[in-house]
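Engineer: Here it is, the structure, as structure tokens.
The values are calculated or read from the model by the stated rules, or taken from the named source; none is laboratory data. Keep in mind that this is a model prediction, so the values were computed, not measured. All Cβ positions, glycine included, derive from the backbone under ideal geometry; neighbour counts span all protein chains shown. To get the accessible areas, we keep the full protein, side chains included, count just its heavy atoms, and leave off ligands, DNA and RNA. Shrake-Rupley method; radii C 1.70, N 1.55, O 1.52, S 1.80 Å.
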Amino acid sequence: MRVLMATWGWRSHFFPLVPLGWALQAAGHQVRVAARPGLVDAVTSAGLTAVPVGVDLDFATVFSGQIGPVAARSPTHAATATGNRMKPEITPDGGVVRYADAMLDDLVAFGRAFRPDLVVYEPFNLAGAITAAALGVPGVRHLWGPDSGTELDLDPEAVVGPLAARVGVPTDRVDLDGTLTIDPCPAPMRVPVAVPTEPTRFVPYNGVSVLPDWLWRDCGPDRDRICVTWGTMMAGAELTGLLGAPQVVAALAALDLEVVVALDAGQRDQLGEPPPNVRVAAAPLALHLVLPTCRALVHQGGAGTTMTAAALGVPQLVLPQVSDQHFNAARLAATGAGGYLDGSAVDGPAIRERLTDLLHDRSWTDAAHRLRDAIHARPAPADLVPALERLASRGRVGAPP
């Protein structure tokens, strides 16, 4: 079987695809990962074959003004009101479309040369869905975490139509949800969807992993340690004017515990000289290495971060800043494995108070362990391979020659 994985945007979009790529390769299938040139190192570092497609776009520039709280940023931002918030949307001039536009032609051209049996892509990857339709093969959507696309506003004719027409595909043949959706979330974190779904276990992959000696030398059971991270996208998008890691670290440093800070280099530089109880990782620190030694995680609510902590049974305090982070925080809260704070009232005392409750009320940890066990009970990525083989065996579905 030949499988084309298509990834877009930022490396954290790609990371959840990696364990399935490993499983497919281990089963003897050919896997190619098509990505913008700037993501080639992320793909090859994971041990998968990269295919550079399209032109590189600067993530911060493309999403400038496109990323924001799940609320309208101006009266002209057309979306559907839900209470005091607004549904997110994908617009013809938005960042999601710009990434699809940049990679679509090369992606379809490579697909016609490679002739895959399946195309696997992540949420909001319009080019992946359109390419599956253009090649006439099943499209497989692999979720990062809770399916925030269920709250999305998107006009297919306006958003997908021009891109699909460019490669000779009618809009109604493009299925953004895929022939099959792979879902890593157990209930009640999982969002029910009306499409064929295969459950999978979330296997944490956080990029290049190096175990620092302080982590295995200094991790006794009596240590009260928490971790603070702010995801990879927040640094890459150069978002300003929002609650950031330095404010969060400063708030938590006042507590009598060790704070391990796992941030990108640019974010680390903003911290200044840390207090004695704050340990700033000097190099990239994969969350799946540090979290087993921590009693809690404080973070911004990205899907990869949320799911990594969930899979490891660590209670979470989420301080959502943008787009689907609010959605992820609400789905996590439904499990009891974590809580969140948002809005203008989020400050140092509020963060410390909520984290103290998270650490001292055993119900949070018990719920986090139940969520971990539910994730571990789901089929491993290797268990998905037979289902994907059956899907591929259906053959092509009327692609243009």
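Engineer: Picking from 355, 384, which residue would you name as being in contact with a strand residue (DSSP E or B) (Cβ under 8 Å, 6 or more places away or on another chain), of a type outside the set (D, E, K, R) and within 29 Å of residue 5 (Cβ to Cβ)?
Structural biologist: Testing whether each residue is in contact with a strand residue (DSSP E or B) (Cβ under 8 Å, 6 or more places away or on another chain), of a type outside the set (D, E, K, R) and within 29 Å of residue 5 (Cβ to Cβ) leaves just 384.
Engineer: Exactly one of (1) at pLDDT 85 or above; (2) open to solvent by 20 Å² or more (accessible area, probe 1.4 Å); (3) on the phi < 0 side of the Ramachandran plot is unmet by residue 168. Its number?
Structural biologist: Every condition holds for residue 168 apart from (3).
Engineer: Scan the range 356-398 for residues that are out of contact with any Lys or Arg (no Cβ under 9 Å at 6 or more places or on another chain), open to solvent by less than 50 Å² (accessible area, probe 1.4 Å) and touching a residue at least 12 places away in the same chain (Cβ under 8 Å) and jot them down.
Structural biologist: Matches in the range 356-398: 364, 367, 368, 371, 374, 384, 385, 387, 388, 391.
Engineer: So which residues in the range 288-331 are open to solvent by less than 10 Å² (accessible area, probe 1.4 Å), assigned to a helix (DSSP H, G or I) and not hydroxyl-bearing (Ser, Thr, Tyr)?
Structural biologist: 290, 291, 307, 309, 310, 311, 325, 328, 329
Engineer: With respect to residue 177, determine if the residue is in contact with a strand residue (DSSP E or B) (Cβ under 7 Å, 6 or more places away or on another chain), at pLDDT below 95, surrounded by fewer than 22 Cβ atoms within 10 Å (Cβ to Cβ) and under 23 Å from residue 15 (Cβ atoms).
Structural biologist: yes
Engineer: Say we look at the range 250-287 and pick out the residues that are in a helix (DSSP H, G or I) and open to solvent by less than 50 Å² (accessible area, probe 1.4 Å); which of these is farthest from residue 315 (Cα to Cα)?
Structural biologist: Among residues in the range 250-287 that are in a helix (DSSP H, G or I) and open to solvent by less than 50 Å² (accessible area, probe 1.4 Å), the one farthest from residue 315 (Cα to Cα) is 266.
Engineer: Go through the residues of the range 304-313 one by one and say whether even a single one is hydrophobic (A, V, I, L, M, F, W, C), over 26 Å from residue 183 (Cβ atoms) and in contact (Cβ under 8 Å) with a residue 40 or more places away in the chain.
Structural biologist: No: zero hits.
Engineer: Right, another one. For the range 233-267, how many residues are within 12 Å of residue 285 (Cα to Cα) and either at pLDDT 85 or above or of a type outside the set (A, V, I, L, M, F, W, C) (or both)?
Structural biologist: 4
Engineer: Just one of (1) open to solvent by 10 Å² or more (accessible area, probe 1.4 Å); (2) within 23 Å of residue 394 (Cα to Cα) trips up residue 157, so point out which.
Structural biologist: Evaluating residue 157 over (1) open to solvent by 10 Å² or more (accessible area, probe 1.4 Å); (2) within 23 Å of residue 394 (Cα to Cα) leaves (2) as the failure.
Engineer: Let me ask another. So in the range 180-214, with the set limited to residues that are open to solvent by 70 Å² or more (accessible area, probe 1.4 Å) and not hydrophobic (A, V, I, L, M, F, W, C), which one is nearest to residue 160 (Cα to Cα)?
Structural biologist: Among those that are open to solvent by 70 Å² or more (accessible area, probe 1.4 Å) and not hydrophobic (A, V, I, L, M, F, W, C), it is 196.
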